[in-house]
């Protein structure tokens, strides 16, 4: 008997814990604390924060970290031949009680980086450890299974993944994955940054952002 096991509908989620990010996170938090108008939660794509990269070193460094993470994701997925990428960076500054409803992004990949979060001793990635979907936690990122009604079958081990953020953590995952953020319970402004990656191919528009 010849048995071959195929995982067909898996979704790759990459987590990267960057070291020595205290100074970077402090600079990013100071920037948004001084200029809260840079955070538009109603229209997050209204301002691409990368316009600040030439004058704000922290934004320039964050851009390079996101590009490094996306390269790792593409390599792990075996995707090659891209000609470049268009980037859109925006922030998510959450006050006490704020949350984010389930949504996805109209792009190819999403990157999320956490600059200031609630302190937790939970491991960042929690998939099949028995966590209750309705256990809200504090500012927890919930990734929802992209398969419609996946939770309606007994052969599904889990229909969501919970990410317990901490400063310096980055995530990379496909933009089609619906995700939400549970209510922030702290008495400070929680701060994360999201990057939309729109991949370009040789026949695409000219002058994409270079990967180099």
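The values are calculated or read from the model by the stated rules, or taken from the named source; none is laboratory data. For clarity, every value in this text was computed on a predicted model and none was experimentally measured. Cβ sites come from the backbone with ideal geometry, for glycine too, and all protein chains shown count toward neighbours.
Taken as a whole, region 88-104 holds no residue that is buried (at least 21 other Cβ atoms within 10 Å of the Cβ), touching a strand residue (DSSP E or B) at 6+ places or on another chain (Cβ under 6 Å), under 25 Å from residue 10 (Cβ atoms) and at pLDDT 90 or above. Pull up region 28-51, narrow it to residues that are closer than 27 Å to residue 73 by Cα and outside any loop (DSSP other than H, G, I, E, B), then point me to the one that is farthest from the chain's Cα centre (by Cα). For region 28-51, the residue satisfying everything is 51. Are there any pairs, at least 6 apart or on different chains, whose C-beta atoms fall under 8 Å, with the first in region 34-55 and farther than 15 Å from residue 192 by Cα and the second assigned to a loop (DSSP other than H, G, I, E, B), and if so, which? Matching pairs, first to second residue: 46/40; 47/40.
Only one residue in 21, 82 is closer than 23 Å to residue 162 by Cβ and either surrounded by 11 or more Cβ atoms within 10 Å (Cβ to Cβ) or free of Cβ contacts under 8 Å to residues at least 60 places away in the same chain (or both). Which one?
21
Counting only residues that are modelled with pLDDT of 70 or more and over 15 Å from residue 192 (Cβ atoms), which one in region 122-135 is nearest to the chain's Cα centre (by Cα)? It comes out as 125. Residue count for region 187-212 under the criterion of being modelled with pLDDT under 90, assigned to a loop (DSSP other than H, G, I, E, B) and farther than 16 Å from residue 80 by Cβ: the result is 3.
Residues in region 167-175 include at least one that is outside any loop (DSSP other than H, G, I, E, B), farther than 28 Å from residue 36 by Cα, in contact with a strand residue (DSSP E or B) (Cβ under 8 Å, 6 or more places away or on another chain) and at pLDDT 90 or above.
So for region 66-78 (the condition being modelled with pLDDT under 95, over 16 Å from the mean Cα position of the chain (by Cα), closer than 30 Å to residue 144 by Cα and outside any helix (DSSP H, G or I)), does at least one residue qualify? Yes.
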